[in-house]
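The values are calculated or read from the model by the stated rules, or taken from the named source; none is laboratory data. As the structure is a prediction and not an experimental result, all values here were calculated from the model. Quick reminder, even Gly has a Cβ in these numbers, built from the backbone with ideal geometry, and neighbours come from all protein chains shown.
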């Protein structure tokens with residue numbers, strides 16, 4: 001076989017393989033999400049950041065009680081705390097609620113925020129229904145602690161985007 005013919009065959013094979021050999025551009029990151037999770041039942045819902053999370057939860061048949069309403073229906077969830085991924089209670093939100101309880105008798109929390117996509121994202125938080133909130137730099141409520149406070153519009157340079165676990169009491 002001649003050199004030209006061999007080069008033509010190799011060039012053809014390279015041309016055929018090229019679309020498969022070149023790495024595809026990295027897909028854009030998925031959008032940040034706002035999430036709600038019932039700490040006792042595990043019921044949850046997430047929507048893209050910027051969408052109405054509370055409205056979506058209520059469309060799903062669950063009433064979220066932030067302490068500003070009385071006599072919610074049988075599907076009421078008492079909101080305990082909310083994390084925000086921006087300072088000043090802005091950006092995406094992670095809402096923790098409980099179906100039958102409050103902070104006066106029990107502490108609630110998540111030993112790891114990773115499964116919810118919230119590891120190292122929180123920059124502010126609010127507590128509801130008489131609760132106080134703390135975030136921790138490590139899982140299992142370890143490492144640096146920030147809280148227990150009713151609210152914090154800025155976790156500061158030591159804890160912004162550092163929370164790996166979250167607890168309310």
- Message: Among the residues in region 67-80, are any crowded, with 17+ Cβ neighbours inside 10 Å, under 14 Å from the mean Cα position of the chain (by Cα) and at pLDDT 95 or above?
- Response: no
- Looking at (1) over 30 Å from residue 156 (Cβ atoms); (2) loosely packed, with under 13 Cβ neighbours inside 10 Å; (3) in contact with a strand residue (DSSP E or B) (Cβ under 7 Å, 6 or more places away or on another chain); (4) modelled with pLDDT of 90 or more, find the lone condition where residue 42 falls short. (3)
- Restrict the check to region 135-146 and report whether at least one residue is surrounded by fewer than 20 Cβ atoms within 10 Å (Cβ to Cβ), in a loop (DSSP other than H, G, I, E, B) and at pLDDT below 95. no
- Can we say residue 124 is in contact (Cβ under 8 Å) with a residue 40 or more places away in the chain and either touching a strand residue (DSSP E or B) at 6+ places or on another chain (Cβ under 6 Å) or surrounded by 19 or more Cβ atoms within 10 Å (Cβ to Cβ) (or both)? yes
- Item | Count - residues of region 147-159 that are part of a loop (DSSP other than H, G, I, E, B) and in contact with a strand residue (DSSP E or B) (Cβ under 7 Å, 6 or more places away or on another chain) | 6
- Message: What are the pairs with Cβ atoms under 7 angstrom where one residue, in region 85-104, is more than 19 Å from residue 54 (Cα to Cα) and the other, located anywhere, is modelled with pLDDT of 95 or more and crowded, with 17+ Cβ neighbours inside 10 Å? Sequence gap at least six, or different chains.
- Response: 87/123; 87/124; 103/80; 103/131; 103/168; 103/169
- Item | Only listed residue being surrounded by fewer than 17 Cβ atoms within 10 Å (Cβ to Cβ), on the phi > 0 side of the Ramachandran plot and not in a helix (DSSP H, G or I), chosen from 100, 88, 61 | 61
- Looking at (1) buried (at least 17 other Cβ atoms within 10 Å of the Cβ); (2) without any contact (Cβ under 8 Å) to a residue 60 or more places away in the chain; (3) at negative phi; (4) out of contact with any helix residue (DSSP H, G or I) (no Cβ under 9 Å at 6 or more places or on another chain), can you tell me which one residue 116 breaks? (2)
- Query: Among the numbered criteria (1) in contact with a helix residue (DSSP H, G or I) (Cβ under 7 Å, 6 or more places away or on another chain); (2) at pLDDT below 95, which single criterion is violated by residue 126?
  - Reply: (2)
- Query: Which residues, counting only those in region 93-109, are closer than 14 Å to residue 163 by Cβ and out of contact with any helix residue (DSSP H, G or I) (no Cβ under 7 Å at 6 or more places or on another chain)?
  - Reply: 96, 109
- Item | Options 10, 14, 37: the member that is surrounded by 12 or more Cβ atoms within 10 Å (Cβ to Cβ) and either in contact with a strand residue (DSSP E or B) (Cβ under 9 Å, 6 or more places away or on another chain) or at pLDDT below 90 (or both) | 37
- Breaking point among (1) closer than 20 Å to residue 38 by Cβ; (2) in a loop (DSSP other than H, G, I, E, B), for residue 93: (2)
